[in-house]
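Let me begin by presenting the structure, written as structure tokens, before commenting on it.
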Amino acid sequence: MKGFLFGLVVAGLAFGGYYYWKEFMHPPAKPVVTADAGTTSKEPREKKKKRRRGAVRVARNETPGQAPSPGRPPQPPPMEPEPEPVKLSSADLKLVSQGDDLSRPDVIHLGDATDDSGSRELSQDDIDARFRAKEEAILGCISRARPDEETYVPGRVTVKFRIQRTGNVRGVRVEAPAILQKGGIYGCIKGVVGGIRFPPSSGSQIVSYPFSLT
């Protein structure tokens, strides 16, 4: 009888130990939820589509990739160096005469000879009054013929022309430094002086007007 009771106690202890080991030492594994392959790959794509590209304005004086300095005042644009004056050679300053041959005698037409409106000689005051009205235009021709505004061209410009007895200008000649002749001074002055109209007179004459370069 004692042996039976002893075996029953041993069997109960063995069953209790097995239950304790099953419940506390090896708990049941939790179910693992596996996401669908299509859902997993689709979610990152949706996030990638929502990402928006933009741009950040860079200040004019800031280096790309460098954050602008809020406290630094704007820097002025770099100043361009002033152009150096053109160096003129002796050949550029040599006086060159260009234009019509004023030594040739004036041609008198029959209509001019019978015209009695030019019975007096043309005075210097009459010539100066007409020429002075075109003086600014002639000075403009001299200025435009310079190589630039900074280069000083020494010397003088002499304008000669023949006034016919009818009052028209026939023949213009300009003496000036070679550098100004290259700049087209003769053609410009000829266009201005050739359009001057003087009072009729009893004969033609050649006049000369010098301009000093400054």
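The values are calculated or read from the model by the stated rules, or taken from the named source; none is laboratory data. These numbers were taken from a predicted model, which means no experiment stands behind them. As a convention, Cβ positions derive from the backbone with ideal geometry for all residues, glycine included, and neighbour counts pool all protein chains shown. Remember, those area values only see protein heavy atoms, side chains included, never the ligands or the DNA or RNA. Shrake-Rupley method; radii C 1.70, N 1.55, O 1.52, S 1.80 Å.
Couple of notes before you dig in:
- In this structure TYR186 has an accessible area near 30 Å², from a 1.4 Å probe over the protein heavy atoms.
- Violating pairs (Cα-Cα greater than 23 angstrom) within the set LYS94/LYS134; LYS87/LYS182; LYS87/LYS134; LYS134/LYS190: LYS94/LYS134; LYS87/LYS134
- FRET efficiency, GLU149 to SER123 (Cβ-Cβ, R0 35 Å, nearest 0.05): 0.40
- In this simple spin-label model, placing a label point 7 Å from the Cα along the Cα-to-Cβ direction at both SER208 and GLU135 gives a separation of 1.9 nm.
- Amide N of region 122-152 lying under 17 Å from the label point, which is placed 7 angstrom from the Cα of GLN98 along Cα→Cβ: 138-148
- Accessible surface of region 120-208, 1.4 Å probe, proportion on carbon and sulfur as whole %: 43
- Each of the peptides 96-105, 173-182, 138-147 was scored by the mean count of other Cβ atoms within 10 Å over its residues; in descending order, highest first, they stand as 173-182, 138-147, 96-105.
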